[in-house]
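What follows draws every value from the coordinates through simple rules; no lab data is involved. All of these numbers come straight from a predicted model, not from anything done at the bench. Neighbour counts are summed over all protein chains in view; Cβ atoms, including those assigned to glycine, are modelled from backbone coordinates with ideal geometry.
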Amino acid sequence: MGKRIAFIGGGNMASAIIGGLIRQRIPAADIDVVEPWDEARTRLAADFGLQPRAEAGDFLAAADLIVWAVKPQTFKDAAAAVRAHNHTALHLSVAAGITSASIAQWLGSERIIRTMPNTPALIGKGITALFARPAVTAEDKTWADQVIATTGATVWLTAEEQLDAVTAISGSGPAYMFYFMEAMTEAGARMGLAREQAYQLAVATFIGAGELARASTEPPESLRAKVTSKGGTTYAAITSMDESGIKDLFAKALFAAHHRAGELGAEFGKA
């Protein structure tokens, strides 16, 4: 990409993006990381050949893009440390909840892109939604898309508040899938399968169903109906879930995640 990229925070999501960049033959020498934890710096050095720093410094002045991969509660303090060293970079945030207005205020820049990725980015199978403030140029958006696309698919949003919904659906979504895998594995073991077999079956079923949905032009209710013969085993399971109100309860859980995403911005995005 011919430009220098700095990461503030070196955790899982930063590692996912860095790994994608390295796979795209971006030189490790063009990537800086600020990561206060010794163990994380050691891992980044071993995995990617980087030379992470424990704190912000003058080296950040060379960054054309700064990726914010910090926890919401530490963003403000991290921004204060970085702002003194760079006034020209494009900023890309993967922090949940923190609004672009707060980020712009803390950094003194309007070139802000907010994103909501998810953990399958760790294996290049993620999906990330992005929102850009008006000052972000078309060239900026193209570059940000190229960076994030190294971790999977991208979706651009027209309204920032939509990111809270994305957080509830896909940002937190992998945990929901794992939750159902837990339940299926436990049930399979209680039915007499080895736990390893039950887990293998659950994982393969989620992968296969997802790929089938992606390959199909039919809505999920049609795909579900094709598996659900009246009076059959699937019908018994779906009927039991409907009688228990599972769909409504699941929607309620998603709205809880949506609400919490908004709370994070209000709680940690104050001036």
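Structure above, values below:
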| item | result |
| --- | --- |
| Rounded to 5, percent antiparallel among DSSP beta bridges of the stretch 17-138 | 35 |
| Cβ charges +1 (Lys, Arg) and -1 (Asp, Glu), total dipole of the chain, debye | 280 |
| Relative exposure of THR239, THR128, THR228, judged by other C-beta atoms within 10 Å (fewest first) | THR239, THR228, THR128 |
| Antiparallel %, DSSP beta bridges [both residues in the stretch 81-170], to 5 | 35 |
| Residue order, fewest to most beta carbons within 10 Å, for MET116, MET13 | MET13, MET116 |
| Expected 222 nm ellipticity per residue - DSSP helices of 4 or more, -39500 (n - 2.57), all of the chain, to 500 | -16000 deg cm²/dmol |
| Paramagnetic reach from LEU223 (point 7 Å along Cα→Cβ, amide N under 20 Å) across the stretch 105-131 | 118-121, 124-129 |
| The chain: antiparallel DSSP beta bridges as a percent of all, rounded to 5 | 15 |
| Simple Cβ-charge dipole of the stretch 131-271, Lys/Arg +1 and Asp/Glu -1, about Cα centre, in debye nearest 20 | 340 |
| Residue-count net charge about ALA54 - beta-carbon cut-off 13 Å; Lys, Arg +1, Asp, Glu -1 | -3 |
| Length gained when the stretch LYS252-ALA209 is fully extended (0.36 nm per residue, less Cα-Cα span) | 13.1 nm |
| In the chain, lysine pairs with alpha-carbon atoms under 26 angstrom apart (chain gap of 8 or more, or interchain) | 13 |
| The stretch 5-166 - charge dipole about Cα centre, Lys and Arg +1 at Cβ, Asp and Glu -1, debye rounded to 20 | 220 |
| Difference of contour (0.36 nm per residue) and Cα-Cα distance, PHE178 to ALA266 | 28.8 nm |
| Cβ-based exposure ranking for LEU44, LEU157, in which fewest neighbours within 10 Å come first | LEU157, LEU44 |
